[in-house]
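First up is the structure itself, then whatever we jot down about it.
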Amino acid sequence: MKKYNVIDVLSNEGKELELIGWVDSRRDHGKLVFIDLRDRTGIVQIVFGPEILEAKNLRLEYLIKLNGLVKKRPANLVNPKIKTGELEIEAKNLEIISKSHELPIPLDTSGYEINEEIRMKYRYLDLRRSRMTQNVLIRSKIIKFIRDFMHSRDFVEVETPILSKSTPEGARDYLVPSRIFPGNFYALPQSPQQYKQLLMVAGIEKYFQIAKCFRDEDTRGDRQPEFTQLDIEMSFVSEDDVLNLIEELYIELVKTFYPHKKIQKIPFPRLNYHDVMEKYNSDKPDLREDKNNPDELAFAFIVNFPMFEWKETEKRWDAVHHPFTKPQVRDVQDFWNQFNSDPSKMLAHQYDLVLNGYEVGGGSIRTTDPELLEAIFKAMGNDPKEIKVKFNQILEAFRYGVPPHGGIASGLDRVLAILQNEPNIREVIVFPKTGEGYDPLMDSPSEVSEEQLKELHIKVDKKDK
């Protein structure tokens, strides 16, 4: 007999189905045993008669298989809290596939009340709770929707390397030692920034990727060492072209998956950086008219960011976004004139997408003039020889007919958390780490053997704790 999912019960009244799932709850009523059977599609009530003796042995989270007849429930026993609440299954047989020990965490609650580190340690159980299962499923559907949206607009999906070169892009790199090249290191990408720009040089013209990014940052409450972003780059575009595309994507996404939610303003407002800083003292203001209503979505673009900000600890000017952002200047001479006059007043072709008080995307039109790009690196305090070492590949590429281009990246974890009304991004990441970057499930990071270190020509300086 074909295996069915719980959701199939709705369209098979009067038929006999085979189901496999976990025991979500159990009620022993003497001769009859009632359980709620759960799989990833939902929950349905099963009724076992006295002839099925094994039903008396069922416990929570046992994995079972059964055949049964789909029947209407008595009107006074309908359960409006579940989709299958008007139906039940009269079991014909029962097979216990796998037993379960007593659970270390309850699964019949939202999970918010449980210590988060314990939930992460037993994430394979935590994901069984209905709320978490739905987060996993909606994430999958939304990523498919994004892929379909981008492909339908002639974008090419490209996977860029994970093992790359360490370059200064705003945060610390995660380094990966090379066994074959002793003393040398790969770096995990903070973003696919240089690769996607090189794809524009290659003539790909319209690129996107559901990209994994890695940043070795200090402990920050709602950040993760690795996260997922929708990465986009386009040739021959203006700032408006980029913003219009991402706006259209999110309008369609909300309409498709969250029709009960209201986007406050369409088109999204486009606000000047200095204006929002003056009015809200934040570059990611919460613009909702009713901040207590989670179904109100206040998208906005923040534009005309400053190009540079002063780094007091390093005593130098640094790019607000990243050094590949195009400053609002005519040429190299105009750049130096503005920089020497007052670096803080130079504007950039940079833009952010904000939603309900969070930054959920950011990008820029890129500098494609190699002389201007070198000038930006110098203004940031980079030594000319260091510039050649760290950025020679992109400076060289830009000398071979580089098209003007720009792009944007949107943090999918943050967008999903907001749309799902979750308090943080860890609730929409299948296997997250703690705020300190620790993985209780795999107990990582962890020490490695002396043999592994020796192979990599690495010595660890074990300081006293």
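The values are calculated or read from the model by the stated rules, or taken from the named source; none is laboratory data. If you're wondering where the values come from, they're calculated on a predicted model, not measured in any experiment. Don't worry about glycine lacking a Cβ; one is built from the backbone with ideal geometry, like all the others, and counts go over all protein chains shown. The protein model used for the area step is the full one, side chains on, heavy atoms only, and it has no ligands, DNA or RNA in it. Shrake-Rupley method; radii C 1.70, N 1.55, O 1.52, S 1.80 Å.
Observations
- When residues of segment 78-106 are limited to those that are of a type outside the set (S, T, N, Q) and touching a residue at least 60 places away in the same chain (Cβ under 8 Å), the one farthest from I46 (Cα to Cα): I97
- In segment 446-458, the residues that are in contact (Cβ under 8 Å) with a residue 24 or more places away in the chain and closer than 16 Å to F181 by Cβ form no Cβ pair under 8 Å with any partner that is in a helix (DSSP H, G or I) and of a type in the set (S, T, Y), whether six or more places apart or across chains.
- Flag for N67 being of a type in the set (S, T, N, Q), out of contact with any Pro (no Cβ under 8 Å at 6 or more places or on another chain), touching a residue at least 60 places away in the same chain (Cβ under 8 Å) and farther than 23 Å from Y4 by Cβ: no
- Single unsatisfied condition, V389 versus (1) touching a Pro at 6+ places or on another chain (Cβ under 8 Å); (2) farther than 22 Å from H405 by Cα: (1)
- Pairing each residue of segment 318-346 that is in a strand (DSSP E or B) with any residue that is small (G, A, S) and modelled with pLDDT of 95 or more, provided the two are 6+ apart or on different chains, yields C-beta distances under 6 Å for T325/A348; T325/S364; P327/A348.
- Applying a threshold of 8 Å to beta carbon distances and a minimum spacing of six or more residues, or different chains, the list of pairs starting in segment 42-61 at a residue that is surrounded by fewer than 16 Cβ atoms within 10 Å (Cβ to Cβ) and ending at one that is at pLDDT below 95 reads G49/K31; P50/K31; K56/D28.
- Subset of segment 329-388 (residues that are buried (at least 21 other Cβ atoms within 10 Å of the Cβ) and of a type in the set (K, R)): R366
- In segment 200-243, residue surrounded by the most Cβ atoms within 10 Å (Cβ to Cβ) [restricted to those that are of a type in the set (S, T, N, Q) and within 15 Å of I429 (Cβ to Cβ)]: Q229
- Hits in segment 311-324 (condition: open to solvent by less than 30 Å² (accessible area, probe 1.4 Å) and out of contact with any Phe, Trp or Tyr (no Cβ under 8 Å at 6 or more places or on another chain)): H322, F324
- The residues listed here are I365, I376, I394; of these, the one that is hydrophobic (A, V, I, L, M, F, W, C) and touching a His at 6+ places or on another chain (Cβ under 7 Å) is I365.
- Qualifying residue in segment 280-300 (condition: among the basic types (K, R), part of a helix (DSSP H, G or I) and either touching a helix residue (DSSP H, G or I) at 6+ places or on another chain (Cβ under 9 Å) or surrounded by fewer than 18 Cβ atoms within 10 Å (Cβ to Cβ) (or both)): no
- Matching option when the condition is open to solvent by 30 Å² or more (accessible area, probe 1.4 Å), hydroxyl-bearing (S, T, Y) and in a loop (DSSP other than H, G, I, E, B), among S110, S140: S110
- Taking first residues from segment 386-405 that are part of a loop (DSSP other than H, G, I, E, B) and partners that are hydroxyl-bearing (S, T, Y), the Cβ contacts under 6 Å between residues at least 6 apart in sequence or on separate chains come to F398/T368; V402/T368; P403/S235; P404/T368.
- Answer residue from segment 429-457, given it is of a type outside the set (D, E, K, R), outside any loop (DSSP other than H, G, I, E, B) and over 18 Å from Y122 (Cβ atoms) and is least open to solvent (accessible area, probe 1.4 Å) among those: L453
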